[in-house]
Amino acid sequence: MIDVLVLISGTGSNLRALLDAAAQADFPARIVAVGSDTDAPGFAHAREFGIPTFVVSPPAFDSRESWGDELRSLVALWNPDLVVCAGFMRILPANFVRAFAPHIINVHPALLPLFPGAHAVRDALAAGVHETGSTVHVVDEGVDTGPIIDQVRVAVDARDTEESLHEKIKQIERPLLVDTVVSIAHGHIDLKELVAQ
Ligand code: GRF
């Protein structure tokens, strides 16, 4: 059994999938806390499951480093085996990444290394690609640059809007994220080995 701390910024549908999975008796991970950079709507899912939440708001700090220090201190209180960024819309500062690496993963709505950054779905549409998808990867100090753990593909339809395409991606990224957490918990994915390659 591993302890997982989830970081979110938005609606938390990936968080919800993890919470639903963790409610099953045989799930090999438990969600210990949910953190955010803002009072995220997705906190409602955590509250429903009685999971503690916390906010570390960047504007309250005079530098990224001091924000990262506070975030690191709060996350460390839970002593997680794994930190999952599930729609966390901030770039984690180096001091935070160094504290928990390689045990931080992120789910990104594109087939990395294509379309990193905050507008991956929009960028994929604008590029006219016929397929995109979702990637789970290890977080390093770059923007969506860490080693790829797994990916799932999604066809882009000519009628897709950013919203419809993102919804299709979200449908496949939830099981992708849940399965990845299971594989890490069972030791089938070794994050240390992945970053050493
Ligand atoms: C997901 O598409 C994820 O890949 C991206 O942000 C979105 C978060 O959605 N990083 P939600 O908050 O989990 O619903």
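Taking only Cα atoms and a 10 Å spring cutoff, compute GNM fluctuations for the chain and point out the largest among G128, G117, G42.
For the chain, modelled as a Gaussian network with Cα springs under 10 Å, the answer is G128.
Taking the Cβ of S164 as the center, what net charge do the other residues with Cβ under 12 Å away carry, scoring Lys and Arg +1 and Asp and Glu -1?
Neighbour charge sum, excluding S164 itself: -2.
Apply the Karplus parameterisation 6.51 cos²θ - 1.76 cosθ + 1.60, with θ equal to phi minus 60°, to every residue of the range 36-49 and state each ³J(HN,Hα) to the nearest whole Hz, in sequence, with x for glycine and proline.
Computed from phi, the couplings for the range 36-49 are 8, 8, 7, 6, 5, x, x, 4, 4, 5, 4, 4, 4, 9 Hz.
Under a point spin-label approximation (7 Å from Cα along Cα-to-Cβ), what is the E141-V55 distance to one decimal in nm?
Label-label distance for E141 and V55, simple model: 3.1 nm.
Using a 1.4 angstrom probe on the protein heavy atoms only, could you order E131, E48 from most to least accessible area?
Accessible-area ranking of E131, E48, largest first: E48, E131.
S73 to R153: extension gain in nm, 0.36 nm per residue of separation minus the Cα-Cα distance?
25.2 nm
Comparing A158, A101, A76, which has the greatest mean-square fluctuation in the GNM of the chain with Cα pairs linked when under 10 Å apart?
Its mean-square fluctuation being the largest, the pick is A158.
Going by amide H atoms built from the backbone, whose H comes under 5 Å of the H on D140, apart from near neighbours?
Close amide H contacts, sequence-distant or interchain: T145, G146.
Cα centroids of the range 1-63 and the range 149-189: how far apart, whole angstrom?
Cα centroid of the range 1-63 versus Cα centroid of the range 149-189: 18 Å apart.
Calculate the spin-label point distance for T161 paired with D20, positioning each point 7 Å from the Cα along the beta-carbon direction, and give it in nanometres.
Taking the simple label geometry, D20 and T161 are separated by 2.4 nm.
Would you work out the relative contact order for the range 2-189, in percent, from Cα pairs under 8 angstrom that are 6 or more residues apart?
Reported as a whole number, the value is 21 percent.
Of H186, H130, H45, which has the largest mean-square fluctuation in a 10 Å C-alpha GNM of the chain?
H130
With everything on Cα atoms, drop me the angle between helix 64-77 and the longest principal axis of the chain, reported from 0 to 90° to the nearest 10.
Relative to the chain, helix 64-77 is tipped by roughly 70 degrees.
Any idea of R72's accessible area? Nearest 10 Å², probe 1.4 Å.
Taking all protein chains as shown, R72 has close to 80 Å².
On full extension of the chain, what length is gained from A118 through S63, given 0.36 nm per residue of separation minus the C-alpha to C-alpha distance?
17.7 nm
If you count only protein heavy atoms and use a 1.4 Å probe, how large is the accessible surface of H188, to the nearest 10 Å²?
Result for H188: roughly 140 Å² accessible.
Would you grab the residues whose amide H sits under 5 Å from the one on G35? Only those 5+ places off in sequence or on another chain, please, with H modelled 1.01 Å from N.
Counting only residues 5 or more places away or on other chains, the set is V6, L7, I8, F54.
Quick one: net charge of A40's neighbours, Cβ under 15 Å, K/R +1, D/E -1?
0
The values are calculated or read from the model by the stated rules, or taken from the named source; none is laboratory data. Predicted, not measured: the structure shown is a model, and the values here were computed from it. Methodologically, a virtual Cβ is constructed for each residue, glycine included, from the backbone with ideal geometry; neighbour enumeration extends over all protein chains shown. Just so you know, the surface numbers come from the protein's heavy atoms only, side chains and all, with ligands and any DNA or RNA stripped out. Shrake-Rupley method; radii C 1.70, N 1.55, O 1.52, S 1.80 Å.
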